[in-house]
Amino acid sequence: MDGFELIIFDCDGVLVDSEIIAAEVESGLLTEAGYPISAEEMGERFAGMTWRNILLQIEREASIPFSASLLDKSEHLLDLRLAQDVQAIPGVEFAVSRLAMKRCICSNSSTKRLDMMLSKVGLKPQFAPNIFSAKDLGPDRVKPKPDIFLHGASQMGVSPDKVVVVEDSVHGVHAARAAGMRVIGFTGASHSYPAHADKLTDAGAETAISRMNDLPGVVAALAAWDNVL
């Protein structure tokens, strides 16, 4: 796997099965606020986006002004649900153990939430201290901007063209591609939907997998193909 020196994992929907929990909490709050939407539609339309940016987009589309209290209410409810219900994506520990290159996490979630989720599911030791939150860079530097991926690569001392990213959202794929990195899409979390893989590849992922156990082989294949070119 000489073609890659670093693998970057998104967290929500890639390492932990949290996107479906967020979709359930957020769809409930939006429905109560006068914008009926299902958890399934939330997952398909907004996976990978911050709650703040979701509210801003819906306000623009539907001209519905949301109370500022929705921001704090969602964060509180979501933290309670995640602390109780979040689980690791099956196969992550196997995949990580088979990947010899450097690794880190680059996420839109806050450092506090990342620490809580990864600690709960037992994955923190596999990545710490190389766990990076876009929110620590500033309020306007989250995905789909490439900033967090560039920051992660810089912290790990690796050029972007030597990085492969694992992402479950279109916004994340766009961010990684804008950073000059190659991307593998992941569709194995509970929020996945029928067109998920197609949307990720259309956004720029070179392929998509639904089982984390397949990741080491796919990374090796992409690296080998790159060396042939």
Where in the chain is the longest stretch that carries no trypsin sites (Lys or Arg not before Pro) classed as loop by DSSP and with at most 16 other Cβ atoms within 10 Å?
1-97
Whole-percent tail of the Cα-Cα distance distribution for the chain, cut at 23 Å, equals 44 percent
Between helix 111-121 and the chain, what is the angle of the helix's C-alpha long axis to the longest principal axis, kept within 0 to 90° and rounded to the nearest 10?
70 degrees
Going residue by residue through region 170-187, the Karplus relation 6.51 cos²θ - 1.76 cosθ + 1.60 with θ = phi - 60° gives ³J(HN,Hα) values, rounded to whole Hz and with x marking Gly or Pro, of 4, 5, x, 4, 4, 4, 5, 5, 5, 7, x, 10, 8, 9, 10, x, 10, 10
Leaving ligands, DNA and RNA out of it, rank His191, His76, His174 by accessible area with a 1.4 Å probe, largest first.
His76, His174, His191
Just to compare against my own numbers: the Cα pair-distance distribution for region 19-85, 5 Å bins, whole % per bin, please.
4, 17, 32, 30, 13, 3, 1
Pair-distance profile P(r), taking every C-alpha pair of region 1-115, with 10 angstrom steps and integer %
12, 42, 27, 14, 6, 0
Length released on extending from Arg141 to Leu56, taking residue separation times 0.36 nm less the Cα-Cα span:
29.1 nm
Accessible-area order for Leu150, Leu99, largest to smallest, probe 1.4 angstrom, reads Leu150, Leu99
Share antiparallel - DSSP beta bridges, the chain, percent rounded to 5
5 percent
Expressed as a percent, the accessible surface of region 1-135 that is carbon or sulfur, using a 1.4 Å probe and the full set of protein chains, is 51 percent
Reachable lysines, given that their alpha-carbon falls under 23 Å from the alpha-carbon of Lys199 and they are not under 8 places away in the same chain:
Lys143, Lys145
Heads up, region 95-204 by the C-alpha gyration tensor (a ≥ b ≥ c square roots of eigenvalues; a/c under 1.5 rounded, else a/b over b/c prolate, else oblate) looks rounded
Just to confirm, what accessible area per residue do you get for region 19-85 at 1.4 Å probe, in whole Å²?
51 Å²
For the chain, what is the mean residue ellipticity at 222 nm derived from helices alone (per DSSP H run of n ≥ 4: -39500 (n - 2.57); sum divided by total residues; nearest 500 deg cm²/dmol)?
-14500 deg cm²/dmol
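The values are calculated or read from the model by the stated rules, or taken from the named source; none is laboratory data. Small disclaimer: the values here were computed from a predicted structure and weren't measured. Note: ideal-geometry Cβ built from the backbone for every residue, glycine included; neighbour counts use all protein chains shown. Just so you know, the surface numbers come from the protein's heavy atoms only, side chains and all, with ligands and any DNA or RNA stripped out. Shrake-Rupley method; radii C 1.70, N 1.55, O 1.52, S 1.80 Å.
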